[in-house]
1. Treat the count of other C-beta atoms within 10 Å as a stand-in for reagent exposure and order TRP97, TRP270 from fewest to most.
2. Sort ARG130, ARG208 by Cβ crowding within 10 Å, fewest neighbours at the top.
3. Can you order the peptides 228-236, 140-148, 120-128 by their average number of other Cβ atoms within 10 Å per residue, highest first?
4. Please report, in whole Å³, the volume per residue of the convex hull around the C-alpha atoms of segment 86-199.
5. When the Karplus curve 6.51 cos²θ - 1.76 cosθ + 1.60 is applied with θ = phi - 60°, which whole-Hz ³J(HN,Hα) does each residue of segment 144-150 get, with x for Gly and Pro?
6. Ordered by packing density, taken as the mean number of other Cβ atoms within 10 Å over each peptide's residues, highest first, how do 19-26, 218-225 rank?
7. Nearest 10 degrees, 0 to 90: what angle lies between the long axis of helix 127-137 and the longest principal axis of the chain (Cα atoms)?
8. Along Cα→Cβ, 7 Å out, is where each label goes; now give me the distance between the ones at ARG247 and ASP50 in nm to one decimal.
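Please treat every number below as a calculation from the coordinates, not as lab data. Keep in mind the model is a prediction, meaning the values are calculated, not measured. Here Cβ is always computed from backbone atoms with ideal geometry, including for glycine, and neighbour counts include all displayed protein chains.
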Amino acid sequence: MTEPSFTVFTAIVPAERQEALEEALGATGFTAWSLASRLDGGHDLTLYGDQAGLPPAVAAALAGLGLAAAAAGGGTAEELVRGYLPDLPCELCPGVWIDPLGTLADQPGRTRLRLAPSLAFGDGHHPSTRMAAGLIAGLPLEGAALLDLGCGTGVLGLLALLRGAAAGDFTDIDPAALDATRAALALHGCRGRVFSADLLDGVGGPYRLVIANLYADLVLAVLADARLATVLPQGWLVLSGIHARHREAVRSALAAAGFTVDAEREEAWWCAFLASR
């Protein structure tokens, strides 16, 4: 079934207006929005409306705070998960920043990921990437082999390598994603195999960590694939890019595949899971 079409709106929120914004949007009951931290202390606001645009109450709440949201694109949920291509630094998860052009200074406790703007998904602004990164950052990955399935820029697998994983395989069907991942690994001095594969086709294993920041239909296909038992016989599975309407279907599929849900996150209308077996 084709997902309905959405429109993306963006605005810059000064730090001093963040709390007021959250209260104003909370009062409207509108939840399809997310904030990404900016280096100046403010936030990039992303809102997801339908084809008609934002609800009038949401537009009024923004106007009341002196914020103007500009349309930044649109399409299906699958298309929106591809993200944006900004040049400015973006906080991926606490202590980890994506620094596209290398403008951030080194600081104790700060990890910088150099990902040049590209056509591949994974620039850190989309909730699905940030939620998955937050789940990965908390795992004890020392020596673990990982698979970044549908890797995009490779940012999530790269984060796992920098957190102690010993080896990584990165797969995608998009040539631009494979090129971006190779460039990112080389820039950070990390080793990994990068190759074209459609979901679990041509994937070996076993791995201790499998990352799949895809979208719900593909996540469900992976969970239903009998080869997953060989690819990930024991370890962690990080799933993201899942629309909230598919949350229970993914939960059921995880249980059927023998996984236990260890953590779950939600931002805007996107969900992410950390599961293990």
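1. The order, fewest Cβ neighbours first, is TRP97, TRP270.
2. Fewest-to-most ranking of ARG130, ARG208: ARG208, ARG130.
3. In decreasing order of mean packing, 228-236, 140-148, 120-128 become 120-128, 140-148, 228-236.
4. 93 Å³
5. Using θ = phi - 60°, the values come out as 6, 8, 10, 10, 9, 8, x Hz.
6. Going from most to least packed, we get 218-225, 19-26.
7. So the inclination is approximately 50 degrees.
8. Inter-label distance under the simple model: 2.0 nm.
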